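**Q** Have a look at the structure that comes next, please.
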Amino acid sequence: MDSLTDICRVISQCRNCDLHFSRKRAVCGIGPGNARLMIVGEAPGSSEDEKGLPFVGRSGKLLDQVLSNLNLRREEIYITNSVRCRPMLGKPPKLSEIRTCSGYLRREIELVKPSLVIPMGNSALGSLGFVINRKFDRVTEIVGKVIDHGEFFICPQFHPAAILRNPKRREYFEEYFRKASALLEDLGRMPREEIVRKYNSSRF
Ligand code: URA
């Protein structure tokens, strides 16, 4: 898989786990090949399964609203998922399915080389964990933190579906994206340790 187009071609024909049996369309990542920001979701829902595109349903609308309120343009972001086929009955994907699919995320990260990765929810954290060989705590424990992985920063975020279920969390969701946007501005003009200190301090 030498290019993003190549990855997408492989994903579209993938039969590596049982999720391919029930999918209408596999959903590839989308966005510029040199995006500085990569957002990782969980799995396609019914709208994504119909259209073959990530985040075009209710979660996507919320994500779009929040991004457009900030300085984050969706066209400049690479958006992908931990698994590429819709799990049946809208259930979260199994860990084995996330592991099987994580090779695609690994390759996307290698090719895009983002400066910041935002895994939204536990499935995305699990997938990123397989890619970088690291075990993350649950999202509720580490949401909003800034982690320096060396090649990129990681800012764990709630999944938008969790915000739709519990709108009280929306202000945090917006706040963490605001933080991510500011961090991207600071990148390159501030040492990495200082970024970690600044964005993990309660003053931010
Ligand atoms: N939820 C996700 O995690 N990914 C999508 O693509 C759509 C909804």
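The values are calculated or read from the model by the stated rules, or taken from the named source; none is laboratory data. None of the values given here were measured: they were computed from a predicted structure. Neighbour counts run over all protein chains shown; Cβ positions are idealised from the backbone, glycine included.
**Q** Could you go through the stretch 52-64 and let me know if any residue there is out of contact with any Cys (no Cβ under 8 Å at 6 or more places or on another chain), within 14 Å of the ligand (Cβ to nearest atom), part of a helix (DSSP H, G or I) and farther than 25 Å from residue 184 by Cβ.
**A** yes
**Q** Same structure again: Quick check on this structure: which one of 121, 90 is loosely packed, with under 15 Cβ neighbours inside 10 Å and within 16 Å of the ligand (Cβ to nearest atom)?
**A** 90
**Q** Within the set of pairs 6+ apart or on separate chains, which have a first residue in the stretch 68-88 that is in contact (Cβ under 8 Å) with a residue 12 or more places away in the chain, a second that is charged (D, E, K, R), and C-beta atoms under 6 Å apart?
**A** Cβ pairs passing all conditions: 70/178; 80/108; 82/42; 83/97; 85/23; 86/23; 86/49.
**Q** Next question. Please determine whether any residue of the stretch 11-23 is surrounded by 18 or more Cβ atoms within 10 Å (Cβ to Cβ), in a loop (DSSP other than H, G, I, E, B) and near the ligand (Cβ under 9 Å from one of its atoms).
**A** No, every residue in the stretch 11-23 fails to be surrounded by 18 or more Cβ atoms within 10 Å (Cβ to Cβ), in a loop (DSSP other than H, G, I, E, B) and near the ligand (Cβ under 9 Å from one of its atoms).
**Q** Just wondering, is there one or more residues in the stretch 95-110 that are surrounded by fewer than 23 Cβ atoms within 10 Å (Cβ to Cβ), assigned to a loop (DSSP other than H, G, I, E, B), more than 10 Å from the ligand (Cβ to nearest atom) and of a type in the set (S, T, N, Q)?
**A** No, because not a single residue in the stretch 95-110 is surrounded by fewer than 23 Cβ atoms within 10 Å (Cβ to Cβ), assigned to a loop (DSSP other than H, G, I, E, B), more than 10 Å from the ligand (Cβ to nearest atom) and of a type in the set (S, T, N, Q).
**Q** Now a separate question. Only residues that are under 19 Å from residue 67 (Cβ atoms), touching a helix residue (DSSP H, G or I) at 6+ places or on another chain (Cβ under 8 Å) and among the aliphatic types (A, V, I, L, M): list them for the stretch 18-38, please.
**A** 27, 35, 37, 38
**Q** Of all the helices (runs of 4 or more DSSP H) wholly in the stretch 132-204, which have at least 1 residues that are charged (D, E, K, R) and in contact with a Leu (Cβ under 8 Å, 6 or more places away or on another chain)?
**A** 170-186
**Q** Checking the conditions here, which among 146, 112 is over 19 Å from residue 34 (Cβ atoms), under 15 Å from the mean Cα position of the chain (by Cα) and at pLDDT 95 or above?
**A** 146
**Q** Another question, if that's okay. Give the stretch 24-49 a look and list any residue that's over 27 Å from residue 72 (Cα atoms) and surrounded by 19 or more Cβ atoms within 10 Å (Cβ to Cβ), or say none.
**A** none
**Q** OK, next. Residues in the stretch 65-87 that are away from the ligand (no atom under 15 Å from the Cβ) and either in contact with a helix residue (DSSP H, G or I) (Cβ under 8 Å, 6 or more places away or on another chain) or outside any helix (DSSP H, G or I) (or both): how many?
**A** 6
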